[in-house]
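The structure appears right after this line, and notes come after that.
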Amino acid sequence: MDDLELISWFDEVSMDDRNTVGGKGASLGEMHINLSNAGVNVPNGFNVTVDAYQKFVNSEVPVSTWDNIREPDGVEKIRSAAIASKTLADALEICLDGADPKDHLNMHGRASLARALVRQTPVPEVVRQAIISGYAKLCDQYGQGVDVAVRSSATTEDSSDASFAGQYESFLNVSGERAVIQKWRQCVASLFTERAIGYQIEKDMNPLDSALAVVIMKMVRSDK
């Protein structure tokens with residue numbers, strides 16, 4: 001898997017790429033291509049694709065990772081089982097297996113453990129470098145330390161029965177490669193909030209079937 005599969009620029013995607021870059025990323029691609037061709041100055045950006053998400057969740061969880069994860073109340077047995085998992089995806093599956101949105105305390109513990117795992121598991125170097133190279137290109141275009149928005153882009157299809165608008169995190173005024181990577185990881189972690197998990201379970205959907213793309217784009221000054 002090379003960088004071209006891990007990130008894609010706005011001028012490289014259209015609505016046909018929703019499964020790779022999510023609805024928001026695909027719409028921004030359409031806007032960038034069509035409006036730029038019409039002479040409108042549209043902020044540039046790139047998508048961290050579903051491939052990057054899959055690379056991350058299928059990576060190994062070092063044993064030392066668990067040293068930095070607090071044990072939420074009520075899920076001690078789940079944590080013990082998850083520690084034996086090889087990959088982040090396996091550990092997340094254990095965290096969510098049997099989750100009941102009506103059991104609020106247990107759901108809180110499961111979701112907290114899942115998000116902690118995402119925040120503490122090392123990001124694969126190939127994903128880190130892809131994000132760093134994309135941000136560096138934006139810096140070349142707009143100036144060093146450029147402020148960007150880091151925005152979740154859901155790939156799960158909205159329908160008449162389910163809508164994912166506003167369920168996942170987005171961040172504004174992010175500057176510096178380390179901060180951009182951190183906010184990308186927090187977007188991924190937002191897949192596993194109690195609200196997001198419970199919503200999908202109630203809609204007879206498996207939260208682990210969802211994948212998240214993330215848009216990283218130049219911030220626009222509202223006063224200009």
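Results, tabulated for the structure shown:
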| quantity | calculated |
| --- | --- |
| Residue satisfying all of: in the range 70-102; touching a strand residue (DSSP E or B) at 6+ places or on another chain (Cβ under 9 Å) and of a type outside the set (S, T, N, Q); farthest from Q182 (Cα to Cα) among these | K86 |
| Flag if R221 is assigned to a helix (DSSP H, G or I), over 16 Å from R119 (Cα atoms) and open to solvent by 70 Å² or more (accessible area, probe 1.4 Å) | no |
| Tabulated pairs, the range 13-42, first without any contact (Cβ under 8 Å) to a residue 40 or more places away in the chain, second polar (S, T, N, Q) and assigned to a helix (DSSP H, G or I), C-beta under 8 angstrom, 6+ apart or interchain | V13/T20; M15/S27; V42/S36 |
| Residue in the range 58-69 that is over 25 Å from E194 (Cα atoms), touching a residue at least 24 places away in the same chain (Cβ under 8 Å) and either charged (D, E, K, R) or in contact with a strand residue (DSSP E or B) (Cβ under 9 Å, 6 or more places away or on another chain) (or both) present | no |
| Only listed residue being open to solvent by 60 Å² or more (accessible area, probe 1.4 Å) and outside any loop (DSSP other than H, G, I, E, B), chosen from N41, N19, N47 | N19 |
| Matching residues, the range 52-81, being buried (at least 20 other Cβ atoms within 10 Å of the Cβ) and either closer than 17 Å to S14 by Cα or out of contact with any helix residue (DSSP H, G or I) (no Cβ under 8 Å at 6 or more places or on another chain) (or both) | none |
| Enumeration of residues in the range 68-89 that are in a helix (DSSP H, G or I) and within 15 Å of Q120 (Cα to Cα) | N68, R79, A82, I83, L88, A89 |
| Residues of the range 171-191 classified as part of a strand (DSSP E or B) and open to solvent by less than 50 Å² (accessible area, probe 1.4 Å), total | 2 |
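The values are calculated or read from the model by the stated rules, or taken from the named source; none is laboratory data. Keep in mind it's a predicted model, so treat the numbers as computed, not measured. All Cβ positions, glycine included, derive from the backbone under ideal geometry; neighbour counts span all protein chains shown. Accessible surface areas use protein heavy atoms only, side chains included; no ligands, DNA or RNA. Shrake-Rupley method; radii C 1.70, N 1.55, O 1.52, S 1.80 Å.
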